Amino acid sequence: MLKDFFYDRSVQSDRRAQSAEDDEEGHLVYRIGDWLRDRYEIVNNLGEGTFGKVVQCTDHCRDNEPVALKIIKNVEKYREAARLEINVLEKINEKDPDNKFLCVQMFDWFDYHGHICIAFELLGLSTFDFLKENNYYPYPLHHVRHMAYQMCHALKFLHDNKLTHTDLKPENILFVNSDFNITYNPEKKTDERYVKNTQIRVVDFGSATFNHEHHSTIVSTRHYRPPEVILELGWSHPCDVWSIGCILFEYYLGYTLFQTHDNREHLAMMERILGPIPSHMIRKTRKQKYFYRGALDWNENSSDGRYVRENCKSLRDFIDRVMQNQDSETSPTLTDW
């Protein structure tokens with residue numbers, strides 16, 4: 001039914017497409033002050049991605065409420081991806097009409113001259129952009145704790161409804177409001193930003209997958225990708241849990257846990273931080289090129305090996321030291337990682 005609905009609307013939009021102007025990449029050409037569907041007035045540019053652009057609009061049918069409007073490129077592969085995302089967002093709206101589970105709300109969608117447009121609640125900066133604009137100073141622990149609780153709350157809702165997000169990362173966790181206070185840090189001799197309200201929303205369901213749907217081989221952005229995906233062992237809800245662990249580390253320390261673009265090095269970092277890759281995963285994987293005699297084939301004396309050894313520390317050792325010294329003034333700090 002949804003498929004037929006999209007087909008009817010896409011046929012209509014294709015007939016109108018000649019009256020709209022696109023740039024060479026397929027983006028809709030617009031100006032601040034333009035109106036879409038006699039309802040949405042474009043007031044600001046919010047961002048741009050491979051999929052299209054996001055603009056802030058005034059919704060004149062919702063008491064002039066500000067909304068974020070995602071304008072998809074007039075390119076079929078992005079239109080198809082948008083259809084899939086809308087399907088997920090409609091399911092989320094159906095299961096959580098009161099937005100208790102902290103996934104971004106879709107207010108409306110429509111097809112404008114070949115561009116699928118999705119209207120969302122207007123949110124603040126992403127947790128990554130806030131970190132970046134704060135010179136990558138880590139979030140305070142009580143902020144990390146509150147954001148962790150909210151992410152787990154949202155994730156349980158998704159998994160209970162047979163959905164895996166597959167692309168959780170700081171860029172896809174947005175503050176509801178990213179207003180901040182500035183406080184001088186005498187140790188660092190600089191000003192630091194502290195977000196006033198740590199309420200968040202999980203966004204970007206373009207890669208979300210229902211349990212019954214085809215699971216593509218590779219999912220998740222590199223730095224937040226779990227070992228079972230690298231080893232092509234298949235994946236499910238746990239891949240989201242792994243991503244959350246990587247995100248929380250980044251919030252706590254201010255930098256990415258697995259800073260690499262190479263599969264073998266990525267696996268070596270995992271082993272250095274978390275311990276050996278489980279033997280059952282090694283036995284099952286088709287990626288035997290990464291292993292030799294049942295262990296990761298990794299030269300610790302190479303330049304890459306030295307880099308991993310010097311920059312990746314055991315998480316268990318760090319936690320043990322924290323627990324042993326939790327009441328001491330000499331408890332391990334961020335610089336001890």
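The values are calculated or read from the model by the stated rules, or taken from the named source; none is laboratory data. Just so we're clear, the structure is a prediction, and the values are computed from it rather than from any experiment. Methodologically, a virtual Cβ is constructed for each residue, glycine included, from the backbone with ideal geometry; neighbour enumeration extends over all protein chains shown.
Selection within the stretch 139-155: residues that are free of Cβ contacts under 8 Å to residues at least 12 places away in the same chain and either touching a helix residue (DSSP H, G or I) at 6+ places or on another chain (Cβ under 9 Å) or of a type outside the set (Ser, Thr, Tyr) (or both). The member of this set that is surrounded by the fewest Cβ atoms within 10 Å (Cβ to Cβ) is 142. Considering the stretch 263-280, and only residues there that are of a type in the set (D, E, K, R) and touching a residue at least 40 places away in the same chain (Cβ under 8 Å), the residue that is farthest from residue 320 (Cα to Cα) turns out to be 265. When the stretch 21-44 is filtered for residues that are within 12 Å of residue 113 (Cα to Cα) and either outside any loop (DSSP other than H, G, I, E, B) or more than 28 Å from the chain's Cα centre (by Cα) (or both), the ones remaining, listed by number, are 21, 22, 28, 36, 37. Within the stretch 87-104, the set of residues being buried (at least 18 other Cβ atoms within 10 Å of the Cβ) and under 18 Å from residue 122 (Cα atoms) comprises 89, 92, 101, 102, 103, 104. So in the stretch 105-138, with the set limited to residues that are in a strand (DSSP E or B) and acidic (Asp, Glu), which one is surrounded by the most Cβ atoms within 10 Å (Cβ to Cβ)? Checked the stretch 105-138; the qualifying residue surrounded by the most Cβ atoms within 10 Å (Cβ to Cβ) is 111. A single member of 115, 142, 146 is within 24 Å of residue 42 (Cα to Cα), out of contact with any Phe, Trp or Tyr (no Cβ under 7 Å at 6 or more places or on another chain) and modelled with pLDDT of 95 or more, and it is 115. Each residue in the stretch 188-220 was checked for being within 20 Å of residue 150 (Cβ to Cβ) and either at pLDDT below 95 or of a type in the set (Val, Ile, Thr) (or both), and 5 of them qualify.
Cβ separations smaller than 9 Å between residues 6+ apart or across chains give the following pairs from the stretch 313-328 residues that are at negative phi to residues that are of a type in the set (S, T, N, Q) and modelled with pLDDT under 80: 321/331; 322/331; 324/331; 325/331.
Residue 225 satisfies every condition listed in (1) buried (at least 21 other Cβ atoms within 10 Å of the Cβ); (2) closer than 16 Å to residue 308 by Cβ; (3) under 12 Å from the mean Cα position of the chain (by Cα) except (2).
Restricting 191, 167, 204, 160 to residues that are over 16 Å from residue 124 (Cα atoms), crowded, with 16+ Cβ neighbours inside 10 Å and of a type in the set (Asp, Glu) narrows the list to 167. Within the stretch 202-224, residues that are part of a strand (DSSP E or B) reach partners that are among the hydroxyl-bearing types (Ser, Thr, Tyr) with beta carbons closer than 6 Å, at six or more positions or on different chains, in the pairs 209/164; 209/166. Taking every residue in the stretch 34-57 that is assigned by the TED database to the domain that holds residue 76 and surrounded by 13 or more Cβ atoms within 10 Å (Cβ to Cβ) and pairing it with any residue that is in a loop (DSSP other than H, G, I, E, B) and of a type in the set (Phe, Trp, Tyr), at least 6 positions away or on another chain, the pairs with Cβ-Cβ distances below 7 Å are 42/30.
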